[in-house]
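The values are calculated or read from the model by the stated rules, or taken from the named source; none is laboratory data. The structure presented is a predicted model; accordingly, all values stated were derived computationally and were not measured. Quick reminder, even Gly has a Cβ in these numbers, built from the backbone with ideal geometry, and neighbours come from all protein chains shown. Calculation scope for accessible area: heavy atoms of the full protein, side chains included, ligands and nucleic acids excluded. Shrake-Rupley method; radii C 1.70, N 1.55, O 1.52, S 1.80 Å.
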Amino acid sequence: MSSNKDKPSYAKYAFMNAYNLSVLGGIFTVAAATQNWWVAGIGACLESLWMLFAPDSTVLQKTWFDKYHQSELDKARAAELDAKLKMLPPQEADRCHALQSTRDQILWLARDNPALTQDLLGRELAKLDQLVTSFVDLESTCVRYLMYLGSVDVQQLERDTGRFEQLVKAGAEEGRAVAQKNLAVLGMRRDRYAEIARDLQLARGQLDLIENTFRLLADQIVTMRSPAELGGQLDDLIDGVESIRQTARETEHFMTAVER
């Protein structure tokens, strides 16, 4: 599902572009320099006509506005991805850069395969970028999981559990109820720790799968006969990533609550 920021603002592109602004600036500069304000009036009328018809022109949309919009989206996504990479530890960042290099290799090899027409291939190759972004997000998730798991003193957790178990068994009557509540909380913490450790293992497995599939595609792309061969493997990866993300969203909610 596309967000509002992915939808082009044709009126904005029609007005806020170098050509339009240059023409407007030139007209009003001439009008001011010559004191012929009728020139400015003509310029304003022409600009009104341009803004009335240009944003809805399908020709301009296809040949100019849509391409410009896609370029702006690509720049924004590249900047966002770069910011995420800078926040990763060096080893994880290097791993992401290596995957980007493999993606570039796949793109280069795909262009040299005459059986893969660019019109049909474009949609499938776009999934590579989607998976690179997902890979960086998963790396960030793994780093966060590791930080959380490293912050938990498992031995102290076990000692506290043993202490309250003893209080439940042999403690004073009035203290057993509180001890039982403490045991329940400690049990939930232990379960959550085990769950996050399992989620970390699954996320790491998905990272390995993306890497290995990209390498396989780099080997296969030269002999592929249809974009569907590429798309099928990428779709499987995207489905796997989405499953991991759903679990990660639930885990992140818990971790945020703990940090607060």
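Does GLY205 satisfy the criteria of being under 24 Å from the mean Cα position of the chain (by Cα), in a helix (DSSP H, G or I) and loosely packed, with under 15 Cβ neighbours inside 10 Å?
Yes.
What pairs can you find where one residue is in region 228-256 and over 30 Å from LEU116 (Cβ atoms), the other is polar (S, T, N, Q) and modelled with pLDDT of 85 or more, and their Cβ atoms are less than 9 Å apart, with a gap of 6+ or different chains?
ALA248/THR141; THR251/THR141; GLU252/THR141
Please tell me if ILE221 is open to solvent by less than 50 Å² (accessible area, probe 1.4 Å), assigned to a helix (DSSP H, G or I) and either modelled with pLDDT of 90 or more or hydroxyl-bearing (Ser, Thr, Tyr) (or both).
Spelling it out, it is not the case that ILE221 is open to solvent by less than 50 Å² (accessible area, probe 1.4 Å), assigned to a helix (DSSP H, G or I) and either modelled with pLDDT of 90 or more or hydroxyl-bearing (Ser, Thr, Tyr) (or both).
Please specify each residue of region 224-242 satisfying the condition of being of a type in the set (A, V, I, L, M, F, W, C), part of a helix (DSSP H, G or I) and either over 17 Å from GLU139 (Cα atoms) or open to solvent by 20 Å² or more (accessible area, probe 1.4 Å) (or both).
ALA228, LEU230, LEU234, ILE238
Identify, please: which residue in region 56-67 is surrounded by 13 or more Cβ atoms within 10 Å (Cβ to Cβ) and touching a residue at least 12 places away in the same chain (Cβ under 8 Å) and is, among those, farthest from THR141 (Cα to Cα)?
It comes out as LEU60.
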